[in-house]
1. Out of VAL133, VAL116, which single residue is farther than 23 Å from PHE65 by Cβ and touching a helix residue (DSSP H, G or I) at 6+ places or on another chain (Cβ under 9 Å)?
2. Taking the criterion of being open to solvent by less than 30 Å² (accessible area, probe 1.4 Å) and not in a helix (DSSP H, G or I), would at least one residue in segment 47-64 satisfy it?
3. Checking the conditions here, which among ILE99, ILE69, ILE106 is under 16 Å from the mean Cα position of the chain (by Cα) and either under 23 Å from GLU28 (Cβ atoms) or among the small types (Gly, Ala, Ser) (or both)?
4. Restricting attention to helices (runs of 4 or more DSSP H) lying wholly within segment 73-146, give those where 2 or more residues are open to solvent by 70 Å² or more (accessible area, probe 1.4 Å), acidic (Asp, Glu) and out of contact with any Leu (no Cβ under 7 Å at 6 or more places or on another chain).
5. Could you list, in sequence order, the residues of segment 1-32 that are open to solvent by less than 10 Å² (accessible area, probe 1.4 Å) and over 22 Å from LYS59 (Cβ atoms)?
6. Kindly evaluate TYR39 against the criterion of being open to solvent by less than 70 Å² (accessible area, probe 1.4 Å), part of a helix (DSSP H, G or I) and either on the phi > 0 side of the Ramachandran plot or not hydrophobic (A, V, I, L, M, F, W, C) (or both).
Amino acid sequence: MRRIIIYTDGGSRGNPGKAAIGVVFCNEAGQEIKKFGEYLGDNLTNNEAEYQAVIFALKKFKALFGKKIAEVSEVEIRSDSELLVKQMNGKYKLENEKIQKFFIEIWNLMIDFKGVKFKAVPREKNREADRLVNEALDLQNFTQKLL
């Protein structure tokens, strides 16, 4: 593995509200390798969920493929969050304290990779990650109704 594309998305119902992430790993040809949706909890903003999706993606990469593979891999994170992409690319300032902490965590995770790039994509190109976010939120909502 040399290059991998990871689509990430985070969302909240209410802002802040119940939040979840969606992450899709693809090979260089754009074929899906793995995908994940996970409920994060309550009282999170959409932007916090977007950042947590990237943190999850980088940690999951290392858990699945190992640190040795990470060291020789270039990762392209694709997100429909213009704020996240521009902040990670140094184009926007980070003023929110929680987001600053997430930024630092991502920066520290990036050290283990040959390279990590951030690319903004239109929402329609990020449909699967978005679907996973909504699926995780729907499942959590359904589970709570059962209790």
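1. Working: VAL116 fails: farther than 23 Å from PHE65 by Cβ.
Only one candidate qualifies: VAL133.
2. Kept after step one, since they are open to solvent by less than 30 Å² (accessible area, probe 1.4 Å), are these residues of segment 47-64: 48-51, 53-55, 57-58, 61.
In the following step, the residues that additionally are not in a helix (DSSP H, G or I) were identified as none.
Within segment 47-64 (the criterion being open to solvent by less than 30 Å² (accessible area, probe 1.4 Å) and not in a helix (DSSP H, G or I)), the answer is no, since none of the residues qualifies.
3. The conditions single out ILE106.
4. Values: elements: 82-88, 97-110, 127-146.
In segment 73-146, the matching helices (runs of 4 or more DSSP H) lie at 127-146.
5. GLY17
6. Numbers: open to solvent by less than 70 Å² (accessible area, probe 1.4 Å): yes; part of a helix (DSSP H, G or I): no; either on the phi > 0 side of the Ramachandran plot or not hydrophobic (A, V, I, L, M, F, W, C) (or both): yes.
It is false that TYR39 is open to solvent by less than 70 Å² (accessible area, probe 1.4 Å), part of a helix (DSSP H, G or I) and either on the phi > 0 side of the Ramachandran plot or not hydrophobic (A, V, I, L, M, F, W, C) (or both).
Every residue, every condition in (1) among the hydrophobic types (A, V, I, L, M, F, W, C); (2) within 20 Å of ALA136 (Cα to Cα), yes or no:
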{"residue": "GLY14", "(1), (2)": "no, yes"}
{"residue": "GLU38", "(1), (2)": "no, yes"}
{"residue": "ASN46", "(1), (2)": "no, yes"}
{"residue": "ALA49", "(1), (2)": "yes, yes"}
{"residue": "ALA53", "(1), (2)": "yes, yes"}
{"residue": "LYS60", "(1), (2)": "no, yes"}
{"residue": "GLU82", "(1), (2)": "no, no"}
{"residue": "LEU94", "(1), (2)": "yes, no"}
{"residue": "LYS98", "(1), (2)": "no, no"}
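The values are calculated or read from the model by the stated rules, or taken from the named source; none is laboratory data. Source: prediction; values computed, not measured. Virtual Cβ from ideal backbone geometry, glycine too; neighbours counted across all protein chains shown. Accessible surface is based on the protein model in full, side chains and every heavy atom, while ligands, DNA and RNA are left aside. Shrake-Rupley method; radii C 1.70, N 1.55, O 1.52, S 1.80 Å.
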